[in-house]
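Notes follow once the structure below has been shown.
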Amino acid sequence: MQLPIEKKEFQLVECPRDAMQGWPHFIPTQKKIEYIQSLLQVGFHTLDCGSFVSPKAIPQMADTPEVFSKLDVQDTTTKLLAIVANLRGARDAVHFEQLTYLGFPFSVSETFQQRNTNSSIQESLARVAEIQNLCVQKNKSLVIYLSMGFGNPYGDPYNEEIVFGWAQKMATMGVKIISVADTVGLAEAEQIGRVASYLIKELPAVQVGVHLHSTPFHWKQKIEAAWQAGCQRFDGAMKGIGGCPMADDVLVGNMDTELMIPFFKGKAQLSQMNEAALARCSALAASIFV
C-alpha cells in the first residue's frame, strides 16, 4: 500500500559557499563573514556557507572554521550547513554548535565522485554511513546531495532507476534530506518533474530537494517542474553565481535567488522575508563577486 505523502515545510536554501568556492580570486575572510552575517537576516531556511574539506582541493573555503567561529547566530532562525567529504571533515564540523547540517556530495557518476571527493562510489557509501552515525551522536542532520542526478558528461552509466536506487539506500540509512543536484545543468524540466515526483511519493519520510544549475533562459521551467511535482526544498545563490569547480571548465550558474524569490512569493511562500536585508545582500554580492 502506498504511504501518504507527508506535507513538508517549504525550505529556500541560499548557497554562498557554492558561489564562493570556484571564484577566481580569494575572497577575504572578513568579507565572507560580513556577507554571510547579512544573509542570516533575510529569512532563508538554510545557508550553505562553508566547507570542511581539503584546502588544497578548495582553497577558497580554507577559512571556513574562522568564518564560522565569528558568526553571530543569536538573532536569526536561519540554519547553517557546511559541506564535508570525509569523516575527518565531519569531525571538524560537528564541533561548531551553530552548525545544524552537514552536506555530503554523493555522486551517481563514478568519474565525478573520484574528481569531487577522491573516492569511489562504494568508498563514499562507507563514508556516508560513518558521517550519518556521527551526526546522530552529535545532534546534527546529514544532507545528501545526489550529484549528477540528472545525467553526466563523462559517459558513466546513468538512468533514473540508478538515482532512485541510491536515494532509497540513503533513506534506509536514516538520511532525512536528499537533494538531487543537476551539477552541470543537463536536466530538462520534464525530467526534473519526473524524478522529483517519484522520490517524493516513494520516500514520504524524506525531504526531497533540488539543487539546480541553469542558464538564465531555462530557470523558470525547471523550478516550476519541481514545484508542480511537490518539491518543497530549493537551492539558489544570489546573482546566479557559482557551480562546482570539480565539474567542468565552463560552469553553469546556480539558480538565481533573486529570480526565485518572486516566483515563490507568487506561490504564497516566503511571506516573512526581510526585503531590506535582501537588498543589502544583493548590493554586497555585487561588490564581492566582481
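Points to keep in mind about this one:
- Only one of the listed residues (Val184, Val208) is surrounded by fewer than 24 Cβ atoms within 10 Å (Cβ to Cβ) and of a type in the set (A, V, I, L, M, F, W, C). That residue is Val184.
- Residues that are buried (at least 19 other Cβ atoms within 10 Å of the Cβ) and at pLDDT 95 or above, drawn from the stretch 239-262: Thr257, Met260, Ile261
- Subset of the stretch 16-60 (residues that are of a type in the set (S, T, N, Q), over 15 Å from the mean Cα position of the chain (by Cα) and modelled with pLDDT under 95): Ser54
- Which numbered condition Tyr145 fails, given (1) farther than 21 Å from Glu9 by Cβ; (2) touching a His at 6+ places or on another chain (Cβ under 8 Å): (1)
- Filtered residue count, the stretch 89-144, keeping only those that are acidic (Asp, Glu), under 20 Å from Val163 (Cα atoms) and touching a residue at least 40 places away in the same chain (Cβ under 8 Å): 1
- Filter result for Gly165 (at pLDDT 95 or above, surrounded by fewer than 16 Cβ atoms within 10 Å (Cβ to Cβ) and not in a helix (DSSP H, G or I)): no
The values are calculated or read from the model by the stated rules, or taken from the named source; none is laboratory data. What you see is a predicted model; the values in this text were computed from it and never measured. For neighbour counting, all protein chains shown are included, and Cβ atoms are generated from backbone atoms with ideal geometry for every residue, glycine included.
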